[in-house]
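Engineer: This structure is in structure tokens; I'll ask about it shortly.
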Amino acid sequence: MMSIALFGTSADPPTYGHQAIVAWLAQRFDRVAVWAADNPFKSHRAPLDCRTAMLRVLIESIEPRPTHVQVCPDLSHPRTVVVLERARERWPHTQFSLVIGSDLVAQLPRWYRSADILQFAQLLVIPRPGYPLETAAIEHLADLGARVQVADLSSPASSSTAYREAGDRNSIPPEIEAYIRGEQLYLWQNVG
């Protein structure tokens with residue numbers, strides 16, 4: 001059975017951390033589906049189409065370029081259960097791993113139709129700097145029927161927020177910065 005990692009991210013903008021996650025997933029799954037998500041709990045600064053384009057640029061900049069990683073904007077939806085339903089229609093008879101950051105573990109049980117999410121896919125938790133993984137939250141998911149795996153990945157401490165708010169160039173690859181400048185994204189760049 002084919003294994004697919006499903007990785008939706010705000011990508012506002014995508015960072016070295018996102019790049020490390022995609023590269024790590026590419027080494028472990030038959031296919032990796034990535035999309036820019038419109039998270040209903042966040043306000044996004046760049047339009048969805050620009051965030052999708054930045055994800056394409058990010059993936060193309062991975063060396064060596066993983067051919068089985070695909071940007072799938074048609075999967076994007078504010079509700080994760082809809083994403084999983086779309087993925088199941090597109091790739092029947094597939095084992096899915098839904099990739100989430102450690103910052104989302106405690107809130108996942110409150111997501112719309114969370115029981116279906118936990119039934120449709122295994123959870124792959126990516127540790128995030130500044131968001132320690134709480135054993136109680138993982139155990140709560142397991143009690144709800146979740147199959148949870150924690151990634152053995154130490155992603156760089158890069159932040160989309162640090163770039164958006166202060167222009168921290170250490171957070172993003174130069175290819176992403178070139179795209180941002182070309183599209184004149186993020187307000188701080190236009191000041192001065």
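The values are calculated or read from the model by the stated rules, or taken from the named source; none is laboratory data. Just so it is clear, the structure is predicted and the values come from calculations on it, not from any experiment. Note that we place each Cβ from the backbone using ideal geometry, even for glycine, and neighbour counts take in every protein chain shown. The protein model used for the area step is the full one, side chains on, heavy atoms only, and it has no ligands, DNA or RNA in it. Shrake-Rupley method; radii C 1.70, N 1.55, O 1.52, S 1.80 Å.
Engineer: With respect to Pro47, determine if the residue is at pLDDT below 95 and over 23 Å from Trp111 (Cβ atoms).
Structural biologist: Yes: the conditions hold for Pro47.
Engineer: Return yes or no: is Arg51 surrounded by 22 or more Cβ atoms within 10 Å (Cβ to Cβ) and of a type in the set (Lys, Arg)?
Structural biologist: So Arg51 fits the description; yes.
Engineer: Given the structure, is Ser155 hydroxyl-bearing (Ser, Thr, Tyr), assigned to a loop (DSSP other than H, G, I, E, B) and more than 17 Å from Asn39 (Cβ to Cβ)?
Structural biologist: In short, yes.
Engineer: Considering only residues of region 98-119 that are polar (S, T, N, Q) and within 15 Å of Asp143 (Cβ to Cβ), which is surrounded by the most Cβ atoms within 10 Å (Cβ to Cβ)?
Structural biologist: Filtering first and then ranking leaves Ser114.
Engineer: Next up: With respect to Leu141, determine if the residue is farther than 24 Å from Glu85 by Cα and among the hydrophobic types (A, V, I, L, M, F, W, C).
Structural biologist: Answer is no for this residue.
Engineer: Further question on the same structure: Exactly one of (1) of a type in the set (Lys, Arg); (2) under 23 Å from Ile117 (Cα atoms); (3) at pLDDT below 95 is unmet by Arg65. Its number?
Structural biologist: (2)
Engineer: Still on this model: Would you be able to say whether some residue in region 114-123 is within 22 Å of Ala20 (Cβ to Cβ) and of a type outside the set (Gly, Ala, Ser)?
Structural biologist: Yes, region 114-123 contains a residue that is within 22 Å of Ala20 (Cβ to Cβ) and of a type outside the set (Gly, Ala, Ser).
Engineer: Just give me the residues in region 132-168 being closer than 19 Å to Asp12 by Cα and either free of Cβ contacts under 8 Å to residues at least 24 places away in the same chain or open to solvent by 70 Å² or more (accessible area, probe 1.4 Å) (or both), in sequence order.
Structural biologist: The answer is Ala157, Thr161, Ala162, Glu165, Ala166, Gly167, Asp168.
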